[in-house]
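Enquirer: Before I ask anything, let me first share the structure, which is written out below as structure tokens.
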Amino acid sequence: MTSSVQYWSDRFAQLRKGHRSGVVRQHKPILLLAVIDLIDEGIIVSPKIELTDELIQAFRENWAAAFPDEVPGMPQLPFFHLRGDKFWTLIAKPGAETALAALDRPRTVPRLREIVEAAELDQDLWKVLREPQARTQLRLQLLANHFAPNVQQSLVVSEEERRIVAQYRQS
């Protein structure tokens with residue numbers, strides 16, 4: 001593994017996303033943006049990511065900014081399914097290992113919280129995410145690779161990001 005920003009930018013660009021009725025689902029990129037937001041705010045301070053109320057709120061805020069006319073996405077789904085991207089490992093609560101192994105699709109946040117203690121990020125990814133400039137670059141790559149230009153603008157958090165996103169669109 002590597003802790004280079006470019007490596008993780010490439011990995012984020014290749015996220016496996018679901019489809020529904022021919023529409024690509026953006027739940028995973030929205031959740032990763034929420035994780036980056038909470039690292040920026042000092043709320044997430046370790047590679048263990050819990051499905052907290054703060055993470056759910058950040059996910060919903062990003063969802064509302066990106067897709068204001070859509071029903072809010074369900075954060076437990078990307079939290080669960082990011083494990084398939086091999087940098088996000090679910091940690092079962094003690095005694096819930098069998099239930100986690102058997103779980104196909106968590107229907108609700110409380111159900112997932114019953115079974116999962118946290119998700120743990122790959123250690124090399126965590127090293128990259130601890131650096132503010134690297135977080136900005138990963139955020140911008142998520143925006144550029146997974147969202148239309150009009151949606152990108154609604155998800156940027158600073159004037160510097162607005163400028164960089166505009167440059168991406170022009171190139």
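Enquirer: Can you tell me which residues in the range 105-152 are of a type outside the set (D, E, K, R), farther than 22 Å from Thr52 by Cα and open to solvent by 60 Å² or more (accessible area, probe 1.4 Å)?
Expert: Pro132, Gln133, Gln137, Asn145, Pro149, Asn150
Enquirer: Here's something else I'd like to know. Identify, please: which residue in the range 82-104 is out of contact with any helix residue (DSSP H, G or I) (no Cβ under 7 Å at 6 or more places or on another chain) and not small (Gly, Ala, Ser) and is, among those, least open to solvent (accessible area, probe 1.4 Å)?
Expert: Asp85
Enquirer: What is the one condition in (1) touching a Lys or Arg at 6+ places or on another chain (Cβ under 6 Å); (2) on the phi > 0 side of the Ramachandran plot that Lys86 does not satisfy?
Expert: Exception for Lys86: condition (1).
Enquirer: Among the residues of the range 4-31 satisfying the criterion of being in a loop (DSSP other than H, G, I, E, B) and open to solvent by 60 Å² or more (accessible area, probe 1.4 Å), which is modelled with the highest pLDDT?
Expert: Across the range 4-31, the extreme among qualifying residues is Gln14.
Enquirer: Out of the range 32-56, which residues are part of a helix (DSSP H, G or I) and over 13 Å from the mean Cα position of the chain (by Cα)?
Expert: Asp40, Asp53, Glu54
Enquirer: Turning to a different aspect of this structure: So, in the range 29-82, exactly how many residues are of a type in the set (Asp, Glu) and without any contact (Cβ under 8 Å) to a residue 60 or more places away in the chain?
Expert: Residues meeting the conditions: 6.
Enquirer: I've got another one for you. Got a sec? Which of Pro110, Pro132 is out of contact with any helix residue (DSSP H, G or I) (no Cβ under 6 Å at 6 or more places or on another chain), in contact (Cβ under 8 Å) with a residue 40 or more places away in the chain and not acidic (Asp, Glu)?
Expert: Pro132
Enquirer: Continuing with the same structure: Going by what's in this entry, would Trp63 be described as surrounded by 15 or more Cβ atoms within 10 Å (Cβ to Cβ) and at pLDDT below 95?
Expert: The answer is yes for Trp63.
Enquirer: Right, something else. How many residues does the range 105-148 hold that are within 17 Å of Gly42 (Cα to Cα) and part of a loop (DSSP other than H, G, I, E, B)?
Expert: 2
The values are calculated or read from the model by the stated rules, or taken from the named source; none is laboratory data. All figures in this text were calculated on a predicted structure; none of them were measured in a lab. For neighbour counting, all protein chains shown are included, and Cβ atoms are generated from backbone atoms with ideal geometry for every residue, glycine included. When the accessible area is computed, the model is the full protein with side chains, heavy atoms only, and any ligands, DNA or RNA have been set aside. Shrake-Rupley method; radii C 1.70, N 1.55, O 1.52, S 1.80 Å.
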